[in-house]
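Contents: one structure, followed by commentary.
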Amino acid sequence: MSSTHQTVGQQVTNQSSSQQAVQFQTLQTYNTSILHPQPTRNIHTPKPPVGSDEWLKQRRANHKEVERRRREIINEGINELAKLIPEDEKNKGRIIARAVQYIQRLKEQESTNLEKWTLEKLLCEQAISELSLQVETLKHQNSQLKAQLAALTQQLQPQYQTATATATAANSTAQNTTTQTNQNIQVQNKIQVTNQTQIQSNTSANTQAVQESQSKVGTVAKIEKEKE
């Protein structure tokens, strides 16, 4: 908002400066040509006697030339004023009246804008001051929090180390327990395999013994039958 106000202020200032330059140029031309006229005449022509007809004729011609220049300058100034005012006027009197009103309105706007910009500048300076105070307060609070964090870190460091050591020991114990459990499972598996092998061997031996017994019984029965 401040940059916008500055831009508007520069435009108003530039417009006022342009108007002042035009007015100064118009006044300078008026002072040069009207108040200090320099009528055109041939420097080689001798001056007529004062009071003669030629002298009066030349004086009237010079006067007409001065008046013509004065009117031209006034018309040029009025045309320049007509370019500066917002309304499109052709009447010279209305152009001058409109120019006066426009200049007065610009002065009022300049005064109003100056008061507005001054108030906004004060408000901005107050807001900047409050923000600066808040920043300093936050910096102080941040420093306090950092100090508290450092104190808590130093206070909790032994507990952290103890907890880390306990967790490491528990992890090692758990690993040892897992290893022992795995070994026990392997031993049990070996025992089960050995038992199954022994059972299969015993079953095979029993089957073979039964078969041998049956063969012997058959042989004995055959012998007894032959005896009869």
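Could you do me a favour and compute the accessible area per residue for the stretch 76-228, 1.4 Å probe, result in Å²? Could the numbers behind the result be given before it?
Values: 13130 Å² over 153 residues.
For the stretch 76-228, the per-residue accessible area is 86 Å².
Quick check: at a probe of 1.4 Å, how many percent of the accessible area of the stretch 92-228 sits on carbon and sulfur atoms?
Numbers: 6740 of 11980 Å².
Solvent-exposed carbon and sulfur of the stretch 92-228 make up 56 percent of the total.
Any chance you could list P(r) for the stretch 61-176, counting all Cα-Cα pairs in 5 angstrom bins from zero, rounded to whole %?
2, 9, 7, 7, 6, 6, 6, 5, 5, 4, 4, 4, 4, 4, 4, 3, 3, 3, 3, 3, 2, 2, 1, 1, 0, 0, 0
In terms of the Cα gyration tensor, with a ≥ b ≥ c the square roots of its eigenvalues, is the stretch 127-221 rounded because a/c is under 1.5, prolate because a/b exceeds b/c, or oblate? Display every interim value, and only then the final one.
Values: a/c = 19.47, a/b = 5.62, b/c = 3.46.
Since a/c reaches 1.5 and a/b is larger than b/c, the shape of the stretch 127-221 is classed as prolate.
On a full-extension model of 0.36 nm per residue, what is the gain between Glu136 and Asn202, subtracting their alpha-carbon distance, rounded to one decimal in nm?
Between Glu136 and Asn202, full extension yields 14.4 nm more.
Can you compute the modelled spin-label distance between Gln192 and Lys64, with each label point 7 Å from Cα toward Cβ, in nm?
Roughly 14.2 nm, to one decimal.
The values are calculated or read from the model by the stated rules, or taken from the named source; none is laboratory data. Note that the structure is predicted; figures quoted are calculated from it, not measured. All Cβ positions, glycine included, derive from the backbone under ideal geometry; neighbour counts span all protein chains shown. The protein model used for the area step is the full one, side chains on, heavy atoms only, and it has no ligands, DNA or RNA in it. Shrake-Rupley method; radii C 1.70, N 1.55, O 1.52, S 1.80 Å.
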